[in-house]
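One structure below.
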Amino acid sequence: MAHTIELKKVSKYYAGEDTVSLGFSRIDLSLDMGEFVVITGESGSGKSTLLNIISGLDTYDEGEMFVCGEDTAGYGTEDYEIYRKTYIGNIFQDFNLINSYTVYQNIETVMLLDGKKKRECRKRILELIDLVGLNEYTGTKASKLSGGQKQRVAIARALAKDAPIIVADEPTGNLDSVSAKAVMETLSEVSKNKLVVIVTHNYEQAEPYATRKLTMHDGKIIENKSIRPHRNQQIDNEEYIDPEGRSSVGRRSARRKAESKEYSSMRKGSEIRLALRNTFNLPTKFMLLLIVYLFVSTAVLSQYASTKNSSHESDILGYNMYFANCDVSRMVITKQDKTAFSEEEIEEIAKIKNIDYVVPNDLALDKGVSFRASGDYYVDGLVYPIKLVKEKELTYGNMPKNDYEIIVKTDPSNASYNDISQSGESMIGKKVVLNEMTGMESYKFGRPVKIAGIIIGDGKEEETSAPMFGYSKVYMSDKMQSKMLTTMMASSSRTELNFNGNKVKSNGEYEKSVYSSSKVPKGEAYILEDQTGYYKDGKAVGGDVKVKAENIYFKSKLNLEVGAVVTTKNSEKLLGINKEEIQGYFNCIFINVKDYNMLFDKGNYQISAFMVNEIKSDETVKTLNDMGYKTLLIKDTLTDITGGFAFVIQLITYLRLIIGFIILFYIAYAVIKLIMRSRNSYYSTLRILGATKKNTDNILRIELLVMMLIAYLIDLGFIILVKKGIIDVKMITKQLMFLAPYDYAILAILLLVMSLMLANRYSRKIFNKSAMKTFREEV
């Protein structure tokens with residue numbers, strides 16, 4: 001029959017930097033169930049070291065140690081963890097209670113570590129509390145107990161495991177005589193069914209209860225004396241039935257017991273319970289960790305959003321030769337059947353959620369206008385609806401009072417910025433003639449318009465960038481834009497002039513062949529002098545002129561009668577064009593305004609819509625496509641202006657993000673390590689009580705993950721308030737524009753990974769050493 005504990009020539013040494021000290025040397029000892037063994041001796045004699053070897057808190061260096069006949073020579077860290085969990089109940093001189101836990105929770109913890117369910121623990125915990133006489137303190141935190149009360153909690157905790165071996169290091173060292181006697185009586189009672197081994201300086205307190213006395217000196221047992229017979233309840237080497245009815249048959253190692261699940265592992269639910277308890281039970285630690293994790297979460301969100309912003313800005317950095325207005329929030333819309341838009345359809349589009357405003361006459365956005373402001377400088381501007389201007393934006397002047405008044409806006413990116421800034425006030429009320437900027441020639445838009453207001457901008461408000469640099473903005477009425485649209489349709493249409501059977505064609509690329517004039521009677525056409533040759537004997541007046549116009553949207557035709565022949569002598573009288581200017585017109589005719597509109601004003605075949613948030617363009621495009629419209633996003637038409645380096649720019653951007661995350665990780669780790677240092681003894685205590693490295697790893701991970709989750713949810717709550725406009729921070733609002741729902745999922749995963757990395761790095765520091773070594777360093 002094997003002994004419960006047997007040591008053969010066992011030695012323990014401690015190595016310092018330059019020295020090796022002796023713990024104890026060549027100890028031979030056997031201990032059996034039913035014994036109350038008292039180890040005594042002077043300080044430094046090796047008593048506590050021997051107790052730590054017996055309890056598996058420390059390892060030996062020489063000799064052999066057997067537990068119930070099983071050799072422990074091959075034990076590793078996991079085997080010792082299983083050994084402590086299965087066989088050992090510890091009572092410490094300094095109690096090693098968890099001060100932030102109540103009496104009930106301290107006892108419950110060891111049972112949860114032993115694999116019990118929470119609901120299975122209550123009855124046994126209350127019995128043990130009653131056994132040690134602490135019924136009135138069940139819900140009291142350990143930090144508020146006296147020394148004697150703490151030691152009784154430690155005894156109850158040791159008994160809660162129902163382990164066969166109880167080891168106690170100076171269990172009465174901090175107690176008064178009355179409390180010391182009560183503790184000894186309790187341990188003596190316990191020893192009837194277990195092996196109890198205690199270390200004490202005060203042998204007199206233990207003598208009435210001891211069955212054996214061991215005296216140590218200079219690392220050796222100098223006395224091994226039997227005081228009274230013990231109960232002789234040894235563990236049978238072939239079969240030991242523990243108090244829970246679990247059987248360990250034969251000399252199977254602790255590792256094989258683990259593999260065959262003959263000991264109870266801690267449940268996942270218990271790990272979560274302890275982690276959540278630890279998260280909230282120390283308010284100061286909780287607030288400090290929350291601040292750190294809020295910083296981490298906010299920094300990650302900010303860095304990620306900033307990177308998305310930079311990447312997006314790189315994507316939309318470009319130009320288009322065909323669209324002068326390259327605002328990335330702009331989309332060009334046509335109907336799939338190529339018919340004109342009705343007013344109702346335009347209003348329907350304007351009501352779509354992400355649409356800011358609609359420009360029906362959108363050709364004006366890309367052609368622009370030019371006028372001579374004063375002196376020697378011209379203003380070139382792209383056209384925008386007057387409804388976009390707010391009176392408070394005006395630097396000089398007032399809002400327009402009729403359809404033929406305009407507002408001019410300039411900023412530092414515009415070529416005429418300095419001129420307008422210096423003479424802006426004097427421009428108010430000035431009448432100017434608008435010309436169409438065609439890229440080849442300029443065509444007048446008819447009657448002069450008056451400058452009603454000037455806006456001198458700083459360029460900062462142009463968030464989605466604007467038109468091409470160099471252009472100002474000219475805000476005008478819908479009526480003027482409609483006139484521009486008609487003129488532009490005329491200049492871009494392919495036309496055919498049929499002079500009495502003689503056809504003259506233009507290709508529509510700004511070879512304008514039809515002009516309007518209010519001086520020409522309706523139904524008539526004024527032709528140029530060189531066109532009279534198409535008629536018999538040059539007599540053109542009264543002859544027929546047939547006009548056909550065609551473009552990608554419509555075809556139209558008009559039959560007219562030649563009303564007059566324009567020459568350099570009569571051009572001023574007939575059209576108001578002087579003889580120098582008339583010489584610049586070729587292969588063209590002049591017709592009445594109404595006839596002109598009948599020929600070219602067929603409605604809006606193409607409109608532009610500007611989005612509130614161009615990041616959500618995919619959703620908006622889908623909505624329009626479902627409504628039967630065709631869309632073209634201007635940002636998709638831009639030509640890369642980086643010379644092919646866009647990929648390199650984005651790569652650098654994301655490398656900066658990664659470097660930022662690495663720096664943030666180490667900053668967070670350094671701070672969290674300082675905050676969590678106070679918890680190192682807690683985790684060491686768990687391991688001493690029987691928690692495996694895996695258990696403590698999981699508890700730490702869950703605790704830090706919960707903190708990260710709380711911080712992330714607080715950030716999300718703040719983001720929701722910003723998005724709802726309850727909190728108005730423009731810079732944050734702009735950054736959040738670039739985050740889609742999937743981005744928040746990516747961020748959650750990033751924070752999850754970062755939190756796990758922080759937990760793993762921290763756990764390696766405190767859990768890779770033996771339980772006792774870690775405990776010595778921290779306590």
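If I ask for residues that are in contact with a strand residue (DSSP E or B) (Cβ under 8 Å, 6 or more places away or on another chain), of a type outside the set (S, T, N, Q) and either in a loop (DSSP other than H, G, I, E, B) or open to solvent by 10 Å² or more (accessible area, probe 1.4 Å) (or both), which ones from the range 163-201 would you list? Steps first, answer last, please.
Quick first cut of the range 163-201, residues in contact with a strand residue (DSSP E or B) (Cβ under 8 Å, 6 or more places away or on another chain) only: 163-171, 187-188, 190-191, 194-201.
Imposing the further condition that a residue be of a type outside the set (S, T, N, Q) reduces the set to 163-171, 187, 190, 194-199, 201.
The answer is 163, 164, 169, 170, 171, 190, 194, 201.
When 716, 721, 655 are checked against the criterion of being over 16 Å from residue 761 (Cα atoms), open to solvent by 40 Å² or more (accessible area, probe 1.4 Å), in contact with a Phe, Trp or Tyr (Cβ under 8 Å, 6 or more places away or on another chain) and assigned to a helix (DSSP H, G or I), 716 stands alone in meeting it.
Among residues of the range 678-702 that are under 21 Å from residue 58 (Cβ atoms) and outside any loop (DSSP other than H, G, I, E, B), those with a beta-carbon under 6 Å from a residue that is open to solvent by less than 10 Å² (accessible area, probe 1.4 Å) and aromatic (Phe, Trp, Tyr) at least six positions away or on a different chain give the pairs 693/767; 696/683; 696/767.
Checked against (1) closer than 30 Å to residue 322 by Cβ; (2) open to solvent by 50 Å² or more (accessible area, probe 1.4 Å); (3) of a type outside the set (S, T, N, Q), residue 519 passes all but condition (1).
Being of a type in the set (D, E, K, R) and more than 60 Å from the chain's Cα centre (by Cα) is not true of residue 512.
Restricting to the range 417-449, and then to whatever is open to solvent by less than 70 Å² (accessible area, probe 1.4 Å), not aliphatic (A, V, I, L, M) and not in a loop (DSSP other than H, G, I, E, B), can you tell me which residue is modelled with the lowest pLDDT? Here the answer is 443.
For the criterion of being more than 30 Å from residue 94 (Cβ to Cβ), of a type in the set (S, T, N, Q) and surrounded by 14 or more Cβ atoms within 10 Å (Cβ to Cβ), residue 696 fails. The condition (being part of a helix (DSSP H, G or I) and either touching a strand residue (DSSP E or B) at 6+ places or on another chain (Cβ under 7 Å) or modelled with pLDDT of 90 or more (or both)) is satisfied by just one residue among 533, 542, 508: 533.
For the range 202-232, the set of residues classified as open to solvent by less than 60 Å² (accessible area, probe 1.4 Å) and assigned to a helix (DSSP H, G or I) consists of 203, 205, 206, listed by residue number.
If you check 409, 392, which single one turns out to be at pLDDT 85 or above, within 25 Å of residue 731 (Cα to Cα), open to solvent by 20 Å² or more (accessible area, probe 1.4 Å) and not in a loop (DSSP other than H, G, I, E, B)? Step through it out loud before you land on a result.
Numbers: 409 fails: open to solvent by 20 Å² or more (accessible area, probe 1.4 Å).
Unique residue meeting the criteria: 392.
Listed by position, the strands (runs of 3 or more DSSP E) inside the range 14-75 whose residues that are touching a helix residue (DSSP H, G or I) at 6+ places or on another chain (Cβ under 6 Å) number at least 3 are 36-41.
The residues of the range 64-97 that are more than 14 Å from residue 690 (Cβ to Cβ), of a type outside the set (Phe, Trp, Tyr) and open to solvent by 10 Å² or more (accessible area, probe 1.4 Å), listed by number, are 64, 68, 69, 70, 71, 73, 74, 76, 93, 94, 97. Criterion applied to 345, 313 was being outside any loop (DSSP other than H, G, I, E, B), farther than 30 Å from residue 715 by Cα and open to solvent by 20 Å² or more (accessible area, probe 1.4 Å), and the one residue passing it is 345.
The values are calculated or read from the model by the stated rules, or taken from the named source; none is laboratory data. All values reported here derive from a predicted model rather than from experimental measurement. Neighbour counts are summed over all protein chains in view; Cβ atoms, including those assigned to glycine, are modelled from backbone coordinates with ideal geometry. Ligands, DNA and RNA are stripped out before the accessible areas are found, and what is left, the full protein with its side chains, is counted by its heavy atoms. Shrake-Rupley method; radii C 1.70, N 1.55, O 1.52, S 1.80 Å.
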